[in-house]
Each structure stands twice: as C-alpha cells, then as structure tokens.
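Participant: Just passing along the structure, written as structure tokens.
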Amino acid sequence: MSQAKKSAAKPSVFARIGKYFSDVRTELRRVVWPSRSEVINSSIIVIVTLIFFILFTLVIDNISSFVLIGRSPQRSAGRASWPRSGT
C-alpha cells in the first residue's frame, strides 16, 4: 500500500521536466539584465585588466629569464642553450 501512495504522489517525468522549464522561465523574467552601457563598461574593464596582466607576466618572465640564465632571451635565440660535445 505504501508503494501506491508513493507513485500517486510523485508526478511523471514529463510533468517534472515541464515544471522545471516553467520555473526557469519564471526566474528569467525576474532577472534584472544590465544595460548596454553597463555591458560595454564591464567589457572594457575586463579587456584592460587582461592586457595589464599579459604585460605584467611578460615583464616578469623576461626579468626572471635574464636573472636565471644571465642573458636576455632575444640574444640567445639563435644559439644552443648548452654546449654540445663532439661538434
């Protein structure tokens, strides 16, 4: 008898999927979407921050290469990084 109550109380899979999409639609109506100018301002901030960190990483990489290797990476690009024996 307890199985009959469980199956009667639980809606079908399709009813639950329909309710889910209905709830999603209701929730999306409540969302306060940003204006075009807010999206543009946020995008500019993200791009500027990205460029800053790219340049920062490039500078730190070049400085650490210079300190650890003892020469700049541009000057040693054509040479082998270690002496070869037998040549």
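Participant: What is the number of the single condition among (1) loosely packed, with under 10 Cβ neighbours inside 10 Å; (2) at pLDDT below 95; (3) among the polar types (S, T, N, Q) that S72 does not meet?
Facilitator: Against the list (1) loosely packed, with under 10 Cβ neighbours inside 10 Å; (2) at pLDDT below 95; (3) among the polar types (S, T, N, Q), S72 comes up short only on (1).
Participant: Sticking with this one: Anything in region 32-44 that is loosely packed, with under 10 Cβ neighbours inside 10 Å and assigned to a helix (DSSP H, G or I)? List them, or say none.
Facilitator: Here is the first cut: in region 32-44, the ones loosely packed, with under 10 Cβ neighbours inside 10 Å are 32-33, 35-37.
Of everything in region 32-44, those that are loosely packed, with under 10 Cβ neighbours inside 10 Å and assigned to a helix (DSSP H, G or I) turn out to be R36, S37.
The values are calculated or read from the model by the stated rules, or taken from the named source; none is laboratory data. Not measured: the values here are computed from a predicted model. So basically every Cβ, Gly included, is an ideal-geometry build from the backbone, and we count neighbours across all protein chains shown.
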